[in-house]
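None of the figures in this text is laboratory data; all of them are computed from the coordinates on show. For clarity, every value in this text was computed on a predicted model and none was experimentally measured. Every residue, glycine as well, gets a Cβ built from its backbone with ideal geometry; the counts of neighbours run over all protein chains shown.
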Amino acid sequence: MATQMKKWADVLSIVSGKNQKGVENPLGLYPIYGSGGVIGHANDYLCEPGTTIVGRKGTINSPIFVNERFWNVDTAFGVTPGDELVPKYLFYFCEYFNFKDLDKSTTIPSLAKRDLLQIEMPVPPRDEQQRIVSRIEELSSNLDEAVRTLQETKQQLAVYRQAVMSRAFDLKKGWKQVQVSDIGEVNLGRQRSPKNVSKDYPTKYIRAANITENGIDVSDVLEMEFTPSDRERYTLRNGDIVLSEASGSASQVGKPAIWRDEIQNCCFQNTVIRHRIDKEKAIPEFIYWQYKYLYEIGYFAQHVGGVGINHLGAKNFSGLEINLAPLDVQKSIVSELEGRISACNSIEVTVGKTLAQAKSLRQSILKKAFEGRLV
């Protein structure tokens, strides 16, 4: 029998997820899956072994193969093969297929069951499906091992980076603990509201979304009205430290960056805290790297407040304590840190590029498999 193109509606069934509250049990026999993986255990199940999870909402393009009975929540579909399909063949097709093409949402990525059932896939005889599965796994085995090694390297780099910063900022003889406000002025940015729409004084400003792990992202900078007096108060200067003041995720609050005059006469909004360092007391780079360390270990996340949106608050931030070294020591620490972290980042970039190449190679293998060219 030759390979035929068939709709999912004809060769498989899709099990919609359900709320887990009625079956949830930490000691339950069956894992509970969301679109990103296991999130608990249950006393009951919805799907049989050999089912592939495809995200209904959120993570929609990272299928998961499950070879045991499980319960799926309402953000995850259970795609169960019929008699014509080898379960792993269906899974590898799901890895190959770009589900983002079916996403019609404007906010959170999501898929509709009716659209999934219209997907067409090549269906060869089962023995040919099994041959294709075996060949994919043979070609992927070395690739998977390389990816695991690269991911372990990324984790080791993260541990090393934190260890370097921890040693740099541990309180030492001759150092002192000071409050943030002791070494410079702390300000919250201007509130954005409809009345601040640009009229006579349109001004670019940054918000928390512009502060990234790698510095300031100016690709999406907005404008609003800042009068001359506003600009005097809110214009950023080279060397100012800016931190994300608010986020839906506590772990994203306190993310720091140094302003390097990326945009002339740029101001800041009230989701950003500015710390303008008194350079007679501290070097901005020394304080930035300490904030970077405190952010990465979750120190700022422990000091947020608010309901729904997590806020650090300028007053709260001003009262936090940091470790301050003598100025000459600060300079040497910054020099050593920047050298070590730069080398670490360079390795991380190389690892990231190699991981991307591995992902591309895997997609090439899957493409050949489902175009009938995998020998």
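Using modelled amide H (1.01 Å from N, peptide plane; none on Pro or chain starts), what sits under 5 Å from the amide H of R192, excluding residues fewer than 5 places away?
Excluding prolines and chain starts, which carry no amide H, the hits are N270.
For K195, give me every one of the lysines with a C-alpha distance below 24 angstrom, ignoring sequence neighbours fewer than eight places off in its own chain.
K204
Using 0.36 nm per residue, how much length does the chain from V197 to V375 gain when fully extended, once their Cα-Cα distance is taken away?
Stretched fully, the V197-V375 segment lengthens by 57.9 nm.
Which cross-chain or sequence-distant (5 or more) residues have an amide H under 5 Å from the amide H of S13, H modelled 1.01 Å from N in plane?
T80, G82
How about K18: which aspartates and glutamates have a C-alpha closer than 16 Å to its C-alpha, ignoring those fewer than 8 places off in the same chain?
Here the aspartates and glutamates satisfying the reach criterion relative to K18 are D44, E48, D74.
Just to verify a number: FRET efficiency for E348 and D328, C-beta to C-beta distance, R0 = 30 Å, to 0.05?
Step by step, r from the Cβ atoms, then E = 0.45.
If I stretch the segment between R340 and R231 completely, what's the gain in nm (0.36 nm per residue apart, minus their alpha carbon distance), one decimal?
Length gained between R340 and R231: 35.5 nm.
Given R₀ = 45 Å, FRET efficiency for R167-L117 by Cβ-Cβ distance, to 0.05?
E between R167 and L117, to the nearest 0.05, is 0.20.
Quick one: 3J(HN,Hα) in Hz for the range 19-30, Karplus 6.51/-1.76/1.60 with θ = phi - 60°, rounded, Gly and Pro as x.
Running phi through 6.51 cos²θ - 1.76 cosθ + 1.60 with θ = phi - 60° gives 4, 8, 4, x, 10, 5, 7, x, 9, x, 6, 10 Hz.
Of all the stretches in the chain, which is the longest one without any exposed loop site, taking GluC sites (Glu not before Pro) in a DSSP loop (any state but H, G, I, E, B) with at most 14 other Cβ atoms within 10 Å?
Formally, the longest exposed-site-free interval is 69-212.
Counting helices only, and only those DSSP H runs with n ≥ 4, report the 222 nm mean residue ellipticity of the chain as the sum of -39,500 (n - 2.57) divided by its residues, in deg cm²/dmol to the nearest 500. Mind dumping the intermediate values first?
Numbers: 8 runs with 131 residues, N = 375.
It comes out at -11500 deg cm²/dmol, rounded to the nearest 500.
Residues with beta-carbon under 15 Å from that of Y33, excluding Y33: net charge, scoring Lys, Arg +1 and Asp, Glu -1?
After counting each charged neighbour, the total is -1.
Short version: ³J(HN,Hα) in whole Hz for each residue of the range 71-85, in order, from phi by Karplus 6.51 cos²θ - 1.76 cosθ + 1.60 (θ = phi - 60°), x for Gly and Pro, what are they?
So the J values, rounded to whole Hz, are 9, 10, 7, 6, 9, 9, 8, x, 9, 9, x, x, 5, 7, 10.
Have a look at A42, A325, A257 and tell me which one the Gaussian network model of the chain (Cα, springs below 10 Å) gives the largest fluctuation.
Looking only at A42, A325, A257, the largest GNM fluctuation is found for A42.
Within the set K173/K281; K113/K359; K199/K315; K255/K353; K57/K292; K7/K100, which residue pairs have Cα atoms separated by over 21 Å?
K113/K359; K199/K315; K255/K353; K57/K292
Which is farthest toward the positive dipole end of the chain among A209, S198, Q269, measuring Cα position about the Cα centre, with Cβ charges +1 (Lys, Arg) and -1 (Asp, Glu)?
The one lying farthest along the dipole's positive direction is S198.
Grab the Cα-Cα distance for K100 and K359, subtract it from 0.36 nm times how many residues apart they are, and report the gain in nm with one decimal.
Additional length available on full extension: 91.6 nm.
Report the local net charge at V334: Lys and Arg +1, Asp and Glu -1, summed over other residues whose C-beta lies under 12 Å from its C-beta.
Value of the local net charge: -1.
Between the range 95-159 and the range 216-281, what is the separation of their alpha carbon centroids in Å?
40 Å
Between S141 and V218, what FRET efficiency comes out of the Förster formula 1/(1 + (r/R0)^6) with R0 = 41 Å and r the beta carbon distance, rounded to 0.05?
Efficiency for this residue pair is about 0.40.
Within the chain, which whole H helices from DSSP have a Cα span along their axis of at least 30 Å and a mean Kyte-Doolittle hydropathy of 0.0 or more, if any? Spell out each step's value before the answer.
Values: long enough: 126-169 (62 Å, -0.75); 327-370 (63 Å, 0.06).
Going by DSSP H runs, the hits are 327-370.
Roughly what would the spin-label model give for N25 and S181, points 7 Å off Cα along C-beta, in nm?
5.5 nm
Just going by the charge dipole of the chain, with Lys and Arg at +1 and Asp and Glu at -1 on Cβ, which of Y299, L355, Y234 is farthest out on the positive end?
Farthest along the dipole direction, towards plus: Y234.
Please report the relative contact order for the range 176-324, taking Cα pairs under 8 Å with a sequence separation of at least 6, and give it as a percent rounded to a whole number.
Computed value for the range 176-324: 34 percent relative contact order.
Just need the relative contact order of the chain here, percent rounded to a whole number, with Cα pairs under 8 Å and 6+ apart.
Rounded, it is 15 percent for the chain.
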